[in-house]
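Okay, so here's the structure we're looking at.
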Amino acid sequence: MNIALILAGGSGVRLGADIPKQYIAVQGKTVITHCLEVFGTHPQIDAIQIVAHVEWRESIHKQMPEKVSDKFKGFSNPGTNRQGSIYHGLQDIVQYAREEDIVIVHDAARPLVSASLLTACIDACKEHDGCLPVLPMKDTVYLGDGCQITSLLEREKVYAGQAPEAFVLGKYYEANRCLLPDKIERINGSTEPAIMAGMDIAMIPGEERNFKITTQADLERFKTLLEGLE
């Protein structure tokens, strides 16, 4: 079974809106609804678990497409950070899924994820413990202390990670559980616990249009792209 874990518990403060970015309506549907449609219609996604605050759950349900409702397993409570939210979702998922199943972690604020990228993530997990879509760095990357450059990095070996990230459920759950109670608070990326646990994580090509809506400019870009798809 392939389970999508959709993260919708963020506050979205960087966007400067009155509500979290994933609940902003674009062309009559919230951002999270646009995202969920991709997972609901994908033939290889069997179940969907959503991390969301209680006050937004009714809103999600009201706009939930039928194909998403058929796969929807339940809501999970957000954690104190993104990785904590993932762990809460994993705790609920392991109640109905098997250790060898695949969990696909994705942000509700990345509504332009493609079906082909989901397929690639699932396929990669047939030969690896997980996978991470990446984009090559276009700019030269430096390390610094805030005041001056301290060292150079080889751009060819530096990548920007994206979601969705897919993992073998049992191994990934244990990798996160081992970080409790404090280390999990310092995790920034979903793949970090897997790497720390020695899991075999493959890199696959990401997609430029699979960006996360973080700023107002991102939201406007999303609107423009949707208009181009009509």
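Any idea how many residues of the range 57-73 are of a type in the set (Gly, Ala, Ser) and closer than 11 Å to ILE32 by Cα? Write out each step before concluding.
Let us first name the residues in the range 57-73 that are of a type in the set (Gly, Ala, Ser), namely 59, 69.
Right, trim to closer than 11 Å to ILE32 by Cα and you get 59.
Total meeting the criteria: 1.
Summed over the range 190-229, residues that are touching an Asp or Glu at 6+ places or on another chain (Cβ under 6 Å) and either assigned to a helix (DSSP H, G or I) or of a type in the set (S, T, N, Q) (or both) total 2. Scanning the range 175-201 for residues that are surrounded by 15 or more Cβ atoms within 10 Å (Cβ to Cβ), over 19 Å from ILE6 (Cα atoms) and either acidic (Asp, Glu) or in contact with a Ser or Thr (Cβ under 8 Å, 6 or more places away or on another chain) (or both) turns up just one, ILE201.
Only a single item in (1) over 22 Å from ALA202 (Cα atoms); (2) touching a residue at least 40 places away in the same chain (Cβ under 8 Å); (3) assigned to a loop (DSSP other than H, G, I, E, B) is not met by ILE19, and it is number (2).
Beta carbons closer than 7 Å, at least 6 apart along the sequence or on distinct chains, pair a first residue in the range 57-75 that is in contact (Cβ under 8 Å) with a residue 12 or more places away in the chain with a second that is β-branched (Val, Ile, Thr) and assigned to a strand (DSSP E or B) for ILE60/ILE50; GLN63/THR30; VAL68/ILE48; LYS71/ILE48; PHE72/ILE48; LYS73/ILE48; PHE75/ILE50.
We did not get these values from a lab; they are worked out from the coordinates using the rules stated. Since we're looking at a predicted model, the values are computed, not measured. Please note: Cβ atoms are built from the backbone with ideal geometry, for glycine as well, and neighbour counts cover all protein chains shown.
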